[in-house]
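Written below as structure tokens is the structure these notes are about.
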Amino acid sequence: SIERGRGAGTKSHRPPRPRSIDVVLDTSALAGIVEHPAADLTITVGGGTTLAVLERTLGSKGQFWPCDAPFAAAATVGGTIASNANGALRMRYGPVRELVLGARIATADGTLVRTGSRVVKSVAGYDGHKLMAGSFGTLGLIVEATLRAAPLPETESIAIGRFKSHVTACAVGRTAAASHLFPMAIVLLDDRAARRVGALLPHAASGAWLLLVRCGGNKQSVARQVADLTATFDAAGADATGALDAAATTRAWVDVRETSGGAAYAPDEFAIVKIASLPTETSAVIAEARSRW
């Protein structure tokens, strides 16, 4: 028989669809917080725990799981790991596979395998749990996962630069990434994507590109980062610059994380294609993609 693991099914409606399925292993009942030693910046949860529940639990202790995967309202931890659903925070905090410290996995024959540990510093066992990132259930079902948490910044802001050319915007983004500012994330949106982010509507313009640099830390450092970035944008010839305060940043990022292929796109209207490239080649990849679609 053909079996398929399923979390919230947020990606099940995306192609390619399986030809046939005999059994669906639903993990929704494997939900809940198993252990949360907040002082250790780790948390162990059931594989069917939603990202929303995880974020609320960690947020109550001033922490967060720095994986801003799409479908945040419904996606499960197990499904997020299995689909390797990274977000833009990967730039500062690393990919999904680096945010998982251990896991309990059910193999095809029903055997429960534990890999990794529940502590940050450990050399016990193999890093088999890292193989689960991007496995899409082919190696087993994630029953339980221990995750690496991070402290929430005291405050956050998004510096915004509006450019006529994606080539210029990409160059400025590389400059920001290589600077001493240590941003949390850098995102480039065209005008159509920018209009899907409510907080960016006043900054969007037809044919323009919005470069977003998310900054986090104490109030003084964030203010300095935004000021330096604004100066960099102006020096590069930005049409306009701006910044979102902490509250607006939180609202905006809810939409930004979905622009990477999440709930913002109806499956019957949009095809989601992920393309990887070197930062120096991003502008060329954008030009090639836009010439084809």
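The values are calculated or read from the model by the stated rules, or taken from the named source; none is laboratory data. Keep in mind that what you see is a predicted model, and the values were worked out from it rather than measured. Neighbour counts are summed over all protein chains in view; Cβ atoms, including those assigned to glycine, are modelled from backbone coordinates with ideal geometry. Side chains included, ligands, DNA and RNA excluded: accessible areas come from the protein's heavy atoms. Shrake-Rupley method; radii C 1.70, N 1.55, O 1.52, S 1.80 Å.
In table form, for the structure just shown:
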quantity: Amide hydrogen neighbours beyond the local backbone of residue 149, cut-off 5 Å, H modeled; calculated: 42, 43
quantity: At R0 = 30 Å, FRET efficiency that the Cβ-Cβ distance of residue 174 and residue 52 yields, to 0.05; calculated: 0.35
quantity: Binned Cα-Cα distance frequencies in the stretch 232-293 - 5 Å width, integer %; calculated: 3, 13, 13, 15, 22, 21, 10, 2, 0
quantity: Highest-fluctuation residue, 45, 23, 113 considered, GNM on the chain with Cα pairs under 10 Å; calculated: 23
quantity: Nearby lysines by direct alpha-carbon distance to residue 61 (threshold 27 angstrom, same-chain neighbours under 8 apart not counted); calculated: 121, 130, 219
quantity: Set of the stretch 250-274 residues, backbone N closer than 13 Å to the point 7 Å along the Cα-Cβ line of residue 92; calculated: 250
quantity: Within straight-line cross-link reach of residue 274, lysines at Cα separation under 16 Å, skipping those fewer than 8 residues along the same chain; calculated: 11
quantity: Within the stretch 177-192, backbone nitrogen closer than 12 Å to the virtual label 7 Å beyond the Cα of residue 235 toward Cβ; calculated: 179-180
quantity: Using a Förster distance of 25 Å, the FRET efficiency for residue 248-residue 220 (Cβ separation, nearest 0.05); calculated: 0.80
quantity: Cα-projected label distance for residue 281 with residue 138, points at 7 Å along beta-carbon direction, nm; calculated: 2.3
quantity: Largest-first ordering by accessible area, 1.4 Å probe, given options 168, 259, 49; calculated: 168, 259, 49
quantity: Alpha carbon centroid spacing (whole Å) that separates the stretch 192-267 from the stretch 37-76; calculated: 24
quantity: Answer label for P(r) over Cα pairs in 10 Å bins from 0, in percent (calculated), chosen among (1) 6, 25, 27, 19, 14, 8, 1, 0; (2) 6, 28, 36, 21, 6, 1, 0, 0; (3) 6, 26, 32, 23, 11, 1, 0; calculated: (3)
quantity: FRET efficiency for residue 33 and residue 74, using Cβ-Cβ distance with R0 set to 25 Å, rounded to 0.05; calculated: 0.90
quantity: Under Karplus coefficients 6.51, -1.76 and 1.60, residue-wise ³J(HN,Hα) of the stretch 43-52 in Hz, glycine/proline x; calculated: 8, 10, 9, x, x, x, 5, 6, 4, 5
quantity: Linear extension gain, residue 84 paired with residue 190, 0.36 nm per residue minus alpha-carbon span; calculated: 35.7 nm
quantity: Estimated vicinal HN-Hα couplings, Hz - the stretch 285-293 in sequence order (Karplus 6.51, -1.76, 1.60; Gly, Pro = x); calculated: 5, 4, 4, 5, 5, 5, 6, 9, 10
quantity: Label-zone membership for the stretch 160-176, site residue 291, 7 angstrom Cα→C-beta point, backbone N under 20 Å; calculated: 165-171
quantity: Residues whose placed amide H lies under 5 Å from that of residue 134, excluding near-sequence neighbours; calculated: 82, 83, 84
quantity: Per-residue SASA entry for residue 147, accessible area with 1.4 Å probe, Å² rounded to 10; calculated: 0
quantity: Mean separation of Cα contacts under 8 Å, 6 or more apart, over the residue count of the chain: relative contact order %; calculated: 17
